[in-house]
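The values are calculated or read from the model by the stated rules, or taken from the named source; none is laboratory data. Source: prediction; values computed, not measured. Cβ placement follows ideal geometry from the backbone for every residue including glycine, while neighbour counts extend to all protein chains displayed. Note: areas computed on protein heavy atoms with side chains; ligands, DNA, RNA excluded. Shrake-Rupley method; radii C 1.70, N 1.55, O 1.52, S 1.80 Å.
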Amino acid sequence: MEKYDVIIIGGGVVGAAVIDRLAKYELRCLLLEAGSDVAYGSSRANSGIIHAGYDAETGTLKARFNREGNRALWNIARELDVPHIKTGSLVVGTAEQLPMLQKLKARGDLNGVVTEIIGRAEILKKERNVADGIEYALYAQEAGVISPYKLTIGYADRAVTNGAVIKLNSAVTAVFGRRGNFRVHCADGAQYAADTVVNAAGAGAAEINRIAGAEPLTVTYQKGEYYVLDQTERKNISTIIFPLPNEFGKGILAAPTADGNVIYGPTAEPTVNGDTSVDAGGLDKIKKQLAVTYKTPDYRKSIRLYAGLRTICGMDFVIEQSKLKDGFSYLAGICSPGLTSAPAIAEYVVNELVAPFKALVPKKNCVTVMPKHKRLKELTAAEIKERVRADEAWGRVICRCESVTEAEIVAAIRSPLSAVTVDAVKRRVRAGMGRCQGGFCMPRVLEILARETGVPETEITKCGKGTEIVFPRG
Amino acid sequence: MYFNVAVIGGGPAGMAAALAAEKKGCSVVVFERDKRLGGILNQCIHNGFGLHYFKEELTGPEYAARFAERVKNAPGITVYDEAMVLSVTPERTVTALSPYAGLITVEAGATVLAMGCRERTAGAIALTGTRPVGIYTAGTAQRLINVDGYSVGKEAVILGSGDIGLIMARRMTFEGVRVKLVLELMPYSSGLKRNIVQCLDDFEIPILYGHTITRVEGAERLRRIYYAEVGEDIRPKPETEKYVDCDTLLLSVGLIPENDLINGIGIKMNPLTSGAVADEYRQTSVPGIFAAGNVLHVHDLVDNVSAEAELAGSAAADYAKGVLSHGEACAVKVGAGVRYTVPQTVYRGTGKVDVYFRTDGVYKNKTLKAESGGETVFSKHRLILTPGEMERIEIDKSKLKDSLTLRLE
Ligand SMILES: Cc1cc2nc3c(=O)[nH]c(=O)nc-3n(C[C@H](O)[C@H](O)[C@H](O)COP(=O)(O)OP(=O)(O)OC[C@H]3O[C@@H](n4cnc5c(N)ncnc54)[C@H](O)[C@@H]3O)c2cc1C
Ligand SMILES: Cc1cc2nc3c(=O)[nH]c(=O)nc-3n(C[C@H](O)[C@H](O)[C@H](O)COP(=O)(O)OP(=O)(O)OC[C@H]3O[C@@H](n4cnc5c(N)ncnc54)[C@H](O)[C@@H]3O)c2cc1C
């Protein structure tokens, strides 16, 4: 049986950030992810906002990790070559709502977050398309957007580069034993041994606690639905536009994405684990609520709908050492601002939950800055010529909408955490993310995946078993 | 590098434009991003192409091959295949990228846009429910089946009655797929009548007009679709919702001219066609840039594409040589019952000009009229007119006054 110092269950942004951090020490680390890629849960479907941190209740873990995470994330995004933009954010309100904005600002002050209240003239300088009734806004310059799945993938790639092991398609079904002697079983029959286990399974965390005999967790689920808009809409919005937060969360926003699209959403609908469907009713809510804050939504430019699942476990993040199961820790209810908080959560997990069991001896020669992968669109003419001369695949455009070349796709397949599904390629290089949604390039991506991995096209999947795209004839 | 005429796209439009320009003595370059010429025709292995142009019935690849052969044998035409055009400027500098030739930059006396169109997707029509595998645009499924030689599922539903969807209903039936249902939002088909007959009726595949999908279900693979009748407001009536189990859904919900390349270079666009505004010679609002085929407006018949592209290619050649001239401009306007026309400007002079148009609904027993300067310059009675079939009328250019209005009476 393969033996590890630490096993992390769940390859969302939190699990990936934790293993990335642990990989800097002389530890054998394993991450087990049920999905066919990391970022298979809420880390792939959220708003991608780097929150400034005025919103969380002062004194909570959310407030602390949001602030610390925000400070760390900009640099990490650069190290990991993850698309991000410091756009700043606006919480907008009418004249009557000014007191509520002031209350929000006061909370930001207590949380140590710089914000200011600005009037309509100032708002229009930052965002010309706020709705007509908007008179005031809380402006937070430290807010921005990041590609959430690219961040997760970036962490995973660096962890693997630094010697950690990540196993995909490995749904954990049982956790036996205790400190120094854990055995973790996966659905595919594989078993792994470890001294300590960290449960970072997101929506699956309650179930993992249950099977491990750790503290029972009561969680509820809520889905958030979105529209993704064509890149041509990007010119109409420059910052993040929030309404005033309400009891259901931060409300329907309009924001650019770090990759140059625009999103409208999310809704906040109670649901069950696993439900990421989009309902017509949800879309109607987006339309209705966005009209209050944003003047120029254009639903005809929709290229995609999606929904993400929030896992809620009380008011705050739950990050604990199990008292029932020595050597086992768990994270639950990591909903918003969990993405922003991930670096700070990881630091806390390593220092407070892993360090008591494992000596942290820094590894020598750790990689910190990952190689930068320039996209075709970012290259100069001279650079393109040089690359095509060295490798003709740089001259073969596979995805027309996003101008992605064969060379970039091959590089994703050969990256530290290899992309072996159509979706994994799409998230890494954006082939199929554009307005035709893979209509033209998907068959070509299939072909390249099959060639590079040696697996027949009929066995290549969109996102794991049961999602094969083509079948043999007859 | 300098060429008299640069053609972007090597489908039927691009090839016909290139041949017409070469015939006028021009040096021509054609950029095609695929491995071979032919465009969308290469995956249309059914017959029904060329009835007008070649006066015989050909398959798509056969039709394309006839043109490709001529292009290959034309000494004045240079073809770059696997060459994707990345940009074109209003001054007609065209930059393309190819694995073999690297980055290619050419200056052209005139440019013909012939990039074809792309399909509307699930996201574009805001298809709700889960996002499983098994949902393909009809053209993608066509490529997977006809070109790559795979099968895509066992039980299918088709949303939309565009021609590709209809053709695929038949094609999949031949492949042993059970096509259970075709749903069309509008009260009429957006495809050709002959395709409804030959692809659905002949195989007893039911089509429901005025119906749409309300949501799809299935975690990994598509399992079921729910559908409902739509009301006057084209919104589904919840009380009419039903479902059908299937593992494949093809979307044939519209084609959009592929104009991303010219985004932001100042070419005036027509929101009704999603193509450029064009004159009689298919010249756009930027002098020297012409457009033809599906990039200009979506055609039903390749024969019309070839004819339009020959016109554009020939005019581009004249432009490049500085001899394109015309009489006074006359705007083409749409009246009752007409959705759009191409071209949007015609010129006074001698001879005839063809004006293509689509109606905005199904009309029976109507007189199609064209008027200029208060006088009727064309009039014809028609038993039926549908948006699915592009119409053409011939106008005597000497009769044109300030503007030309098309309408149904
Ligand atoms: C709609 C929405 C919008 C949001 N917007 C923002 C935002 O703008 N800014 C922000 O900071 N935060 C935001 N969040 C919160 C953020 O997305 C989450 O906090 C974060 O993604 C949580 O990461 P995670 O790693 O804990 O969970 P997840 O990303 O869900 O990862 C858990 C992983 O565990 C895996 N797993 C589950 N069970 C098992 C098992 N048995 N065995 C193996 N693996 C298993 C899953 O497949 C999954 O990959 C938003 C969340 C939602 C839902
Ligand atoms: C499924 C289907 C069935 C049909 N059935 C019939 C029928 O039965 N009978 C009939 O007469 N007609 C039929 N048609 C209609 C007819 O075939 C099309 O209208 C015609 O092919 C359009 O020609 P085109 O040259 O404008 O576009 P396309 O054939 O799409 O060609 C455009 C070309 O441009 C290339 N291109 C685009 N952008 C770039 C770029 N940036 N750089 C380089 N190259 C580029 C593309 O790769 C493509 O090869 C059918 C069409 C389809 C799709």
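Do you know the relative contact order of chain B, to the nearest whole percent, from alpha carbon pairs under 8 angstrom that are 6+ apart?
Computed value for chain B: 16 percent relative contact order.
Any idea what the relative contact order of chain A is, in percent, if you count C-alpha pairs under 8 Å spaced at least 6 apart?
20 percent
Whose amide H sits under 5 Å from the amide H of A:ALA174, counting only residues 5 or more places off or on another chain, with H placed in the peptide plane?
It is A:HIS185, by chain and number.
How much accessible area does B:LYS321 have with a 1.4 Å probe, in Å² rounded to the nearest 10?
100 Å²
Test of understanding: in a Gaussian network model of chain B with alpha carbons linked when under 10 Å, which of B:SER325, B:SER252, B:SER285 would top the mean-square fluctuation ranking?
B:SER325
Would you tell me the accessible area of A:GLU402, worked out with a 1.4 angstrom probe on the heavy atoms of the protein chains, in Å² to the nearest 10?
Answer for A:GLU402: close to 0 Å² accessible.
Ignoring ligands, DNA and RNA, how do A:MET1, B:MET269, B:MET168 rank by accessible area with a 1.4 Å probe, largest first?
On the way: A:MET1 130, B:MET269 75, B:MET168 0 Å².
The residues order as A:MET1, B:MET269, B:MET168, largest area first.
Which whole-Hz couplings ³J(HN,Hα) result when phi for each residue of region A:62-68 is put into the Karplus expression 6.51 cos²θ - 1.76 cosθ + 1.60, θ = phi - 60°, listed in order with x for Gly and Pro?
Couplings: 4, 5, 5, 6, 4, 4, 5 Hz.
Estimate for me the total accessible surface buried between chains B and A (protein heavy atoms, probe 1.4 Å, no ligands or nucleic acids), in Å² to the nearest 100.
On the way: alone 18020 and 20050 Å², together 34400 Å².
Approximately 3700 Å² gets buried when B meets A.
What is the sum of charges around A:ALA140, taking Lys and Arg as +1, Asp and Glu as -1, for the other residues whose C-beta is under 10 Å from the C-beta of A:ALA140? Present the calculation step by step, with values, prior to reporting the outcome.
Working: positive: A:LYS105; negative: A:ASP55, A:GLU116, A:GLU142.
After counting each charged neighbour, the total is -2.
Please report the antiparallel percentage of the DSSP beta bridges confined to the protein assembly as shown, to the nearest 5.
Details: 112 of 171 bridges.
Of all bridge pairs located within the protein assembly as shown, approximately 65 percent are antiparallel.
Alpha carbon centre of region A:177-193 versus region A:8-45: separation in Å?
A separation of 17 Å, based on Cα centres.
Tell me which trypsin sites (Lys or Arg not before Pro) from region B:1-87 have a DSSP coil assignment and no more than 12 other beta carbons within 10 Å of their own. Write down the numbers at each step before the final one.
Working: sites: B:LYS23, B:LYS24, B:ARG33, B:LYS35, B:ARG36, B:LYS55, B:ARG66, B:ARG70, B:LYS72; in loops: B:LYS24, B:ARG33, B:LYS35, B:ARG36, B:LYS55.
In loop regions of region B:1-87 (DSSP not H, G, I, E or B), the sparsely surrounded trypsin sites (Lys or Arg not before Pro) are B:LYS35, B:LYS55.
If you scale each eigenvalue of the Cα gyration tensor by 5 and take the root, what three semi-axes come out for chain A, rounded to whole angstrom and sorted largest first? All intermediate terms of the calculation are to be shown ahead of the outcome.
Values: eigenvalues 228, 181, 87 Å².
So the equivalent ellipsoid measures 34, 30, 21 Å along its semi-axes.
Collect residues whose amide H, placed 1.01 Å from N in the peptide plane, falls under 5 Å from the amide H of B:ILE135; neighbours closer than 5 in sequence don't count.
Excluding prolines and chain starts, which carry no amide H, the hits are B:LEU249.
Could you tell me what percent of the DSSP beta bridges with both partners in region B:121-253 are antiparallel, to the nearest 5?
Values: 11 of 28 bridges.
Taking every DSSP beta bridge within region B:121-253, about 40 percent pair in antiparallel fashion.
Scan around B:LEU192 for amide H atoms under 5 Å from its own, H built in the peptide plane at 1.01 Å from N, and keep only partners 5 or more places away or cross-chain.
Excluding prolines and chain starts, which carry no amide H, the hits are B:ASP163.
Considering the convex hull of the alpha carbon atoms of region B:329-408, report its projected area averaged over all viewing directions, in nm², one decimal. Let's see the in-between values first.
Values: hull surface 17.5 nm².
If I average the Cα hull's projected area over directions, I get 4.4 nm².
Report the residue, chosen from B:VAL28, B:VAL79, B:VAL112, that carries the largest GNM mean-square fluctuation when chain B is represented by alpha-carbon nodes joined by springs under 10 Å.
The residue with the greatest mean-square fluctuation here is B:VAL79.
Can you give the accessible area of B:ARG221, probe radius 1.4 Å, in Å² rounded to 10?
About 50 Å², rounded to the nearest 10.
So, in Å, what gap is there between the alpha-carbon centers of region A:402-456 and region B:354-409?
48 Å
Could you go through region A:191-204 in sequence order and give the Karplus-derived ³J(HN,Hα) for each residue, using 6.51 cos²θ - 1.76 cosθ + 1.60 with θ = phi - 60°, rounded to whole Hz, and x for Gly and Pro?
Values, residue by residue: 10, 9, 10, 7, 7, 9, 10, 10, 8, 10, 8, x, 4, x Hz.
Looking only at B:LEU208, B:LEU261, B:LEU383, which one moves most when chain B is put into a Gaussian network model with springs between Cα atoms under 10 Å?
Evaluated over chain B, the most mobile residue of the options is B:LEU383.
Of all DSSP beta bridges in chain A, what percent run antiparallel (nearest 5)? Let's see the in-between values first.
On the way: 54 of 74 bridges.
Close to 75 percent.
Could you work out the pair-distance distribution P(r) of region B:121-253 from its alpha-carbon pairs, with 5 angstrom bin width and percents rounded to whole numbers?
2, 11, 23, 25, 21, 12, 4, 1, 0
May I ask you to derive the relative contact order of region A:52-205, considering only C-alpha pairs under 8 Å and at least 6 residues apart, and to give it as an integer percent?
Values: 214 pairs, mean separation 33.8, N = 154.
Relative contact order here is 22 percent.
Cα centroids of region A:333-398 and region A:142-169: how far apart, whole angstrom?
Measuring centre to centre over Cα atoms gives 6 Å.
For a test of the definition: using alpha carbon positions, the gyration tensor, and the 1.5 limit on a/c, classify chain B as rounded, prolate or oblate. Intermediate values should be presented prior to the final figure.
Numbers: a/c = 1.99, a/b = 1.31, b/c = 1.52.
Oblate, because a/c is 1.5 or more while a/b does not exceed b/c.
Among the chymotrypsin sites (Phe, Trp or Tyr not before Pro) within region B:85-186, which fall in a DSSP loop and have no more than 16 other Cβ atoms within 10 Å of their own Cβ?
Here the sparse-neighbourhood loop sites are B:TYR100.
Given the options A:ALA39, B:THR345, A:GLY88, identify the residue whose Cα lies farthest towards the positive end of the charge dipole of the protein assembly as shown (+1 on Cβ of Lys, Arg; -1 on Cβ of Asp, Glu).
The listed residue farthest towards the positive side: A:GLY88.
Taking a 1.4 Å probe, which of A:GLU247, A:GLU320 shows the most accessible area, and what order do the others take after it?
Correct descending sequence by accessible area is A:GLU247, A:GLU320.
I need the phi-derived Karplus couplings for region A:128-134: 6.51 cos²θ - 1.76 cosθ + 1.60, θ = phi - 60°, integer Hz, Gly and Pro marked x.
For region A:128-134, the Karplus curve yields 6, 9, 5, 5, 4, x, 7 Hz.
Students often forget the sequence filter, so: which aspartates and glutamates lie under 14 Å Cα-Cα from B:LYS237 once same-chain residues fewer than 8 apart are removed?
B:GLU229
Mind ranking A:TYR294, A:TYR139 by accessible surface for me, highest first, 1.4 Å probe? Please report the intermediate quantities before stating the final value.
On the way: A:TYR294 5, A:TYR139 35 Å².
Sorted descending by solvent-accessible area, the residues read A:TYR139, A:TYR294.
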